[in-house]
Structures are given as structure tokens and as C-alpha cells.
Amino acid sequence: MENEIKINVVNSLDDYQKVVAIRSIVFVGEQKLPYSVEFGANELCCTYILATVNGEPAGTVRIHQFKDFAKLERMAVLAEYRRTPLAEQIRQKALDICSVKGITKIYGLCRRELLPHWSKFGYHLVEGAPGIQRSNMDLVPILVDIQEAKDIIKFTDHPDRLMEQEGEWRDNCMYFQQPFNVNDKTAIIIRKRNELRQQRKSAEY
Ligand SMILES: CC(C)(COP(=O)(O)OP(=O)(O)OC[C@H]1O[C@@H](n2cnc3c(N)ncnc32)[C@H](O)[C@@H]1OP(=O)(O)O)[C@@H](O)C(=O)NCCC(=O)NCCS
């Protein structure tokens, strides 16, 4: 049976606990980071991405948002899923969330020796910004520029789009106009479905 992989924004305490489970195994268990360091800052002000395989926790990253950039933090994939496409899928999900919010600069800290690896994904060293030394690691700041999404969230959008769960501004949002070509059969079906949902919802009030 094929594995069912899901990568979503954490919107429940249950999913957050799965994130904590992954980070406890990877950072506290494997890397011997003290719990107080791993979970000591900014736990409640970030957006978390969780990847599950057949419902079980598999990988995570968090987005720490600032004025015009976001910092990706605490990226971890359980050992059994490393060297699979999962890490890249999690990163892509995080970048997608940022681009819909209009954030086009993604910052991270990486071990100096991994710079060649990150440059393959378009990251470059942030000139003039300081790095840090942590747990015998030389960490340097890196940045990648991404495209703003075509369907960026605006305050002129329907209020129900703005009230959607974090990260669910497209598929589950009945007020979102798909930015497809009108001849696209899929777009027509999705629009029709959304119209019907909208009518049903209006009838409920
Ligand atoms: C970082 C991590 C999520 C990458 O997932 P992955 O499945 O191993 O990554 P990919 O298969 O996409 O890429 C493997 C490459 O990632 C590189 N890499 C990038 N960042 C890395 C990191 N922090 N630790 C280990 N390898 C890393 C490896 O050098 C490897 O490159 P190579 O194939 O040229 O040897 C995973 O290795 C992990 O959970 N590591 C432990 C937690 C960690 O160190 N997180 C980063 C700090 S926030």
C-alpha cells in the first residue's frame, strides 16, 4: 500500500504535539540539545508545518515571521524519512505559505559547511550580517528570494477568506477565486463546487 503523505499547517493542539514529538526525538534525543533550549523561545508566535506519513508524525519546520521576511526554524525529519523528498516538500509548503502572505525573503541559519548544499536551492550568504557559534557549530545567515504568490491575501478579499484556517486559503476556501484560465475544466468544477457550498452556507443562516 502506498504511504499517505500529508503536509499541513498546524491548526490543532494534537498536531502541535506531533511537532513536539518530532523535535524531542531529533533535537533533544539525537542532538542532545537541552529541552530548555529547544523549546525555550517563541513556541507560541510561529506557524508550524507538520508532515505526517499514514497519520504518524514524520517532519516539521516552523515559520517565524518578521516585517518583510520570514525565518525558517527547527527543521527536522525523522531518521527513517531522511534522504527522501519529504524535507524538500516541507520546505516548499513553508515557502508557499510565505508567498501567499506576500513574504518574499526567506532567512535561515545553516552550518557553514552546508552552504554549497543550500546554494543549490537558491540561498546565498547574507553579506554583512553576523553569524553565531552554537554547540560547536559555525552557523551563518542565508537568504533566498521567492516570488510573491498570484493569489496573495489582501484586505479587500472576502472576509471569509481572511477567516479561513491558516494555510487553507485555497482548497477549502469557498470564496477564493481560482486564478486559472476560465477554460480550465478543473477551475470550472472548483468554482461550481464553491458556489454550491456558498449557497448552502447562506441558506443555513
Ligand atoms: C535537516 C534535515 C531536515 C534534512 O532532511 P534530509 O532528508 O536529510 O535532507 P535531504 O535529503 O533533502 O538532503 C540531504 C542533504 O541535506 C544536507 N543538510 C542540510 N542541512 C542539514 C542539516 N542541518 N543536517 C544534516 N544534513 C543537512 C545534507 O548535507 C545532505 O546533503 P548531501 O546529500 O549532499 O550529503 C534532516 O537531515 C534532519 O532532520 N536533520 C536533523 C535536524 C537538523 O539538524 N535540522 C536542521 C537545523 S534547524
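All of the numbers you see were taken from the coordinates with simple rules; none came from a lab. Quick caveat, the model's predicted, so the values are computed rather than measured. Cβ atoms come from the backbone with ideal geometry, glycine included; neighbour counts cover every protein chain shown.
The table for this structure:
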item: GNM result for the chain, Cα springs below 10 Å: residue of 95, 143, 13 fluctuating most strongly; result: 13
item: Debye, to nearest 20: dipole size of segment 78-172, +1 on Lys, Arg Cβ, -1 on Asp, Glu Cβ; result: 380 debye
item: Dipole-positive endmost among 9, 117, 31 within the chain (Cβ charges, Cα centre); result: 117
item: 168, 195 arranged by Cβ crowding within 10 Å, fewest neighbours leading; result: 195, 168
item: Cα-based equivalent ellipsoid, segment 101-160: semi-axes from gyration tensor eigenvalues, Å; result: 32, 13, 9
item: 5 angstrom amide H check on residue 126, placed H, neighbours 5+ away; result: 142, 143
item: Spacing of the two label points (7 Å from each Cα toward its C-beta) at residue 67 and residue 84, in nm; result: 4.2 nm
item: Contact order normalised by residue count of the chain, Cα under 8 Å, 6+ apart, percent; result: 15 percent
item: Ascending count of other beta-carbon atoms within 10 Å, so fewest first, for 39, 66, 155, 121; result: 155, 66, 121, 39
item: Where trypsin sites (Lys or Arg not before Pro) fall in DSSP loop in segment 28-131, at most 15 other Cβ within 10 Å; result: 32, 67, 82, 83, 120
item: Under Karplus coefficients 6.51, -1.76 and 1.60, residue-wise ³J(HN,Hα) of segment 50-57 in Hz, glycine/proline x; result: 10, 9, 10, 10, 6, x, 8, x
item: Pairwise FRET efficiency - residue 54 versus residue 105, Cβ, R0 = 30 Å, nearest 0.05; result: 0.30
item: Separation of alpha-carbon centers, segment 123-163 and segment 60-90, rounded to whole Å; result: 12 Å
item: Directionally averaged projected area (convex hull, Cα atoms, the chain), nm²; result: 14.7 nm²
item: Note, ³J(HN,Hα) from phi for segment 7-18, Karplus 6.51, -1.76, 1.60, rounded to Hz, x at Gly and Pro; result: 10, 9, 6, 6, 10, 8, 5, 4, 5, 4, 4, 5
